[in-house]
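Shown next, in structure tokens, is the structure this report addresses.
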Amino acid sequence: MVGRAIVKKLQQNGFVNIVTRSKLELDLVNQQSVFSFLEKEKPDCVIIASAKVGGIYANNSFPAEFIYQNIMIEANLIHGSYLAGINNLLFLGSSCIYPKDSQQPIKEEYLLSGFLEETNEPYAIAKIAGIKLCESYNRQYGTDYRSVMPTNLYGPNDNFHFKNSHVIPALIRKFHDAKVQNKTFVEVWGSGKPMREFLHVDDMADASIYIISLDKEILESETGLMLSHVNVGTGVDISIKNVAQLVKDVIGFNGEIIFNIKMPDGAKRKLLDISKITRLGWRYNILLKSGLEETYKWFLNNKKSLKGVDE
């Protein structure tokens, strides 16, 4: 999802020599394959948008896969870039890197200041390792490796699988299927009380290219000499209950919403402090309701290619 959005934004900005590879074309967990690819292509800049991702169910069910694959992907790409003489790189992390009891909104400096949320700890540890890899290579080798930490993302090309998706695509899928099946209710995991911040993937792509394009001195003035990470978000959060209601309205489902309190909520609140990126001159553009409408439109236009989606 993020990679495609970044490619689209690069093309809109006039870039033409964009090198991409699909999962079938290049196994990022295979170190030799990655090293050979980077040595051959020698791009001016590497953007690491690839990761193994999923919601609470997937993180709880496959913790070994989440920590292993993500550590290998970022380690292979970051070290391989250094070996190939590639000085510029952008690593995309996740807001789950922060302690579960962080003061809100969450500042970049709260990293490693407390215990992580148990439901996605392996994934979070892998993403923290990616940040520290970038910082360490900058410190030892003088590279210009940057990291951005997005809040919860959604949008076209998302994963709409019932068990492996994040909250917004999961809700879109549930409400759509309930509508076409004439169901009287939709079950939503958890209490609905947790607060979450959501950013459209096109805004994330725009922020990524913005951070890449900034002069090093300007970025260092906000993030420190080792070019530490920058939060990317909207600065606005909403309860899962209200998100579910928004999705229900966008889809036009007329039944009830039932919250299954036996299922985990995850962190009570995750709102990023976006003061750094705001001072750097970037701000989001897409409001949540309009973003949901666009995402559902994409879903309807592409549902035939999505497994198990009711017509």
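Six or more apart or on different chains, Cβ atoms under 6 Å: show the pairs whose first residue is in region 134-151 and more than 16 Å from E109 (Cβ to Cβ) and of a type in the set (K, R) and whose second is modelled with pLDDT under 95 and surrounded by fewer than 24 Cβ atoms within 10 Å (Cβ to Cβ). Between residues of region 134-151 that are more than 16 Å from E109 (Cβ to Cβ) and of a type in the set (K, R) and residues that are modelled with pLDDT under 95 and surrounded by fewer than 24 Cβ atoms within 10 Å (Cβ to Cβ), the close pairs are R139/M226; R146/L227.
No other residue among I218, I172 is under 27 Å from K276 (Cα atoms) and touching a residue at least 40 places away in the same chain (Cβ under 8 Å) apart from I218.
Report yes if K248 is touching a helix residue (DSSP H, G or I) at 6+ places or on another chain (Cβ under 8 Å), under 26 Å from E187 (Cβ atoms) and of a type in the set (K, R), otherwise no. Yes; evaluated as a whole, the condition is true for this residue.
Within region 286-299, the set of residues being over 17 Å from the mean Cα position of the chain (by Cα) and either within 30 Å of I218 (Cβ to Cβ) or without any contact (Cβ under 8 Å) to a residue 60 or more places away in the chain (or both) comprises L287, K289, S290, E293, K297. Cβ-Cβ contacts under 6 Å between residues 6 or more apart (or on different chains), taken from a first residue in region 228-253 that is within 30 Å of R279 (Cα to Cα) to a second residue that is aliphatic (A, V, I, L, M) and at pLDDT below 95, are listed as D237/M195; S239/M195.
Could you tell me whether any residue of region 230-239 is within 30 Å of F15 (Cα to Cα), in contact with a Cys (Cβ under 8 Å, 6 or more places away or on another chain) and not in a loop (DSSP other than H, G, I, E, B)? No: region 230-239 contains no residue that is within 30 Å of F15 (Cα to Cα), in contact with a Cys (Cβ under 8 Å, 6 or more places away or on another chain) and not in a loop (DSSP other than H, G, I, E, B). From the set of residues in region 229-269 that are buried (at least 17 other Cβ atoms within 10 Å of the Cβ) and among the polar types (S, T, N, Q), which is nearest to L89 (Cα to Cα)? The qualifying residue nearest to L89 (Cα to Cα) is N231.
If you go through region 76-113 and pick out every residue that is of a type in the set (S, T, Y), under 20 Å from P264 (Cβ atoms) and touching a Leu at 6+ places or on another chain (Cβ under 8 Å), you end up with 2. Filtering region 282-306 to residues that are among the small types (G, A, S), closer than 18 Å to H200 by Cα and loosely packed, with under 14 Cβ neighbours inside 10 Å leaves only S290. Of all residue pairs spaced 6 or more apart or on separate chains, those with beta-carbon atoms under 6 Å, a first member in region 1-12 that is under 24 Å from H161 (Cα atoms) and in contact (Cβ under 8 Å) with a residue 60 or more places away in the chain and a second member that is among the acidic types (D, E) and assigned to a helix (DSSP H, G or I) are A5/D202. Could you please find all residues in region 226-250 being closer than 14 Å to G291 by Cβ and of a type in the set (A, V, I, L, M, F, W, C)? Listed by number, the residues that qualify are V236, I238, V243, L246, V247, V250.
Residues that are at pLDDT 75 or above and of a type in the set (D, E, K, R) within region 294-309 comprise E294, K297, K303, K304, listed in sequence order. In this entry, V243 passes the filter for residues that are at pLDDT 95 or above and not in a loop (DSSP other than H, G, I, E, B). Here the condition is being farther than 22 Å from V2 by Cα and either crowded, with 16+ Cβ neighbours inside 10 Å or modelled with pLDDT of 95 or more (or both); of L272, L219, it holds for L219 alone.
To keep it simple, each residue is scored yes or no on (1) surrounded by fewer than 21 Cβ atoms within 10 Å (Cβ to Cβ); (2) of a type in the set (A, V, I, L, M, F, W, C).
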{"residue": "G80", "(1), (2)": "no, no"}
{"residue": "G85", "(1), (2)": "yes, no"}
{"residue": "F91", "(1), (2)": "no, yes"}
{"residue": "P105", "(1), (2)": "yes, no"}
{"residue": "Y123", "(1), (2)": "no, no"}
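Under 29 Å from L171 (Cα atoms) and free of Cβ contacts under 8 Å to residues at least 40 places away in the same chain - does that describe any residue in region 82-91? No: zero hits.
The values are calculated or read from the model by the stated rules, or taken from the named source; none is laboratory data. Just so it is clear, the structure is predicted and the values come from calculations on it, not from any experiment. Note: ideal-geometry Cβ built from the backbone for every residue, glycine included; neighbour counts use all protein chains shown.
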